[in-house]
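Each remark here refers to the structure printed beneath this line.
The values are calculated or read from the model by the stated rules, or taken from the named source; none is laboratory data. Because the structure is predicted, anything quoted here is derived from the model rather than measured. FYI the Cβ positions are ideal-geometry reconstructions off the backbone, even for glycines, and counts take in every protein chain you see. What goes into the accessible areas is simple: the full protein's heavy atoms, side chains included, and nothing from ligands, DNA or RNA. Shrake-Rupley method; radii C 1.70, N 1.55, O 1.52, S 1.80 Å.
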Amino acid sequence: GDGGDFGADVAFLPGADGAVEYIAIGAPGLAAGAGGVIFHDVSGLEMRSGNESMHPTSTAVATFELEGEAAGDALGARLEAIELDDGTYTLAIGAPGASGGAGMIYFWTPDKADDLASCSAIVGSGNEGIGMAIARVADTDDDGSSELVVGAPGADSGFEDAGAVYLVSLDSPATGVNVMLPQDASFTFLGEAADDRLGTSVAGSSHWGEDGRTGIAMGAPGIVQPVDGFEEGGVLIWVDY
């Protein structure tokens, strides 16, 4: 790329039939850090002979490109294809520097083309920095919709940079409704001490144990555990029993 961190993240996005339609490539450093996402229609990619690989670059002919809305947004720092409950897919695009560091997650589908302004979004608050840690889990609050797990490592949840992890109903992005955090979260996990940075990473599973429970893992690299000395860092695990 041209110094735009092209390839910082990458995702395949399936179409309506479940087959991969696009490859999305994140470039969060483009345009003074506004960032961008470059999309290639996989049907137009020419594969190299032999090992059948290819190397799309920022100078290759792209289908289209999304650009961040303001300098410092870092759009494209995180990309995750999310399956909605109706079997279709949306691309969650993290912009952890958006809104002055609050962070945003945009939800893009092919019908939006290069119109970022028409995408629904999850919007953080303060200096939470949402948009780098995203995972999908099954319905945990019995509202009929699966949830998105969103990490907010910069959240000041009682303590500076204690961090937080939010559960957000996927019904909102599926219907084009914006989500404002923390008030629109269906559930919130809070860091317990300053600099825990809970939500730096997240993972979700809908197949925990023999009963197929929902499990969520939440990275907190700043946790201090006084076990056999002082060891920093930890992962908290929550299971929906």
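Of the set (1) modelled with pLDDT of 90 or more; (2) of a type in the set (V, I, T); (3) more than 30 Å from S205 (Cβ to Cβ), all apply to I82 but (3).
On the given criteria, is S146 within 17 Å of the chain's Cα centre (by Cα) and modelled with pLDDT under 95? Considered against the rule, which asks whether it is within 17 Å of the chain's Cα centre (by Cα) and modelled with pLDDT under 95, S146 comes out as yes. Of all residues in the range 96-118, those satisfying the criterion of being at pLDDT 95 or above and in a loop (DSSP other than H, G, I, E, B) are P96, G97, A102. Selection of the range 114-138 for residues being among the charged types (D, E, K, R) and either buried (at least 22 other Cβ atoms within 10 Å of the Cβ) or within 15 Å of Y166 (Cα to Cα) (or both) yields E128, R136. Of the candidates D195, D211, the single residue that is over 24 Å from T109 (Cβ atoms), surrounded by 15 or more Cβ atoms within 10 Å (Cβ to Cβ) and without any contact (Cβ under 8 Å) to a residue 40 or more places away in the chain is D195. Scanning the range 186-206 turns up one or more residues that are modelled with pLDDT under 85 and either in contact with a helix residue (DSSP H, G or I) (Cβ under 9 Å, 6 or more places away or on another chain) or of a type outside the set (A, V, I, L, M) (or both).
Among the residues making up the range 88-113, those that are open to solvent by 30 Å² or more (accessible area, probe 1.4 Å), in contact (Cβ under 8 Å) with a residue 24 or more places away in the chain and of a type outside the set (A, V, I, L, M) are T88, Y89, S99, G100, P110. Of everything listed in (1) open to solvent by less than 40 Å² (accessible area, probe 1.4 Å); (2) closer than 21 Å to L30 by Cα; (3) in contact (Cβ under 8 Å) with a residue 60 or more places away in the chain; (4) not β-branched (V, I, T), the single unmet condition for L84 is (2). Just one of E65, E69 is modelled with pLDDT of 90 or more, charged (D, E, K, R) and outside any loop (DSSP other than H, G, I, E, B); which is it? When all the criteria are applied, what remains is E65.
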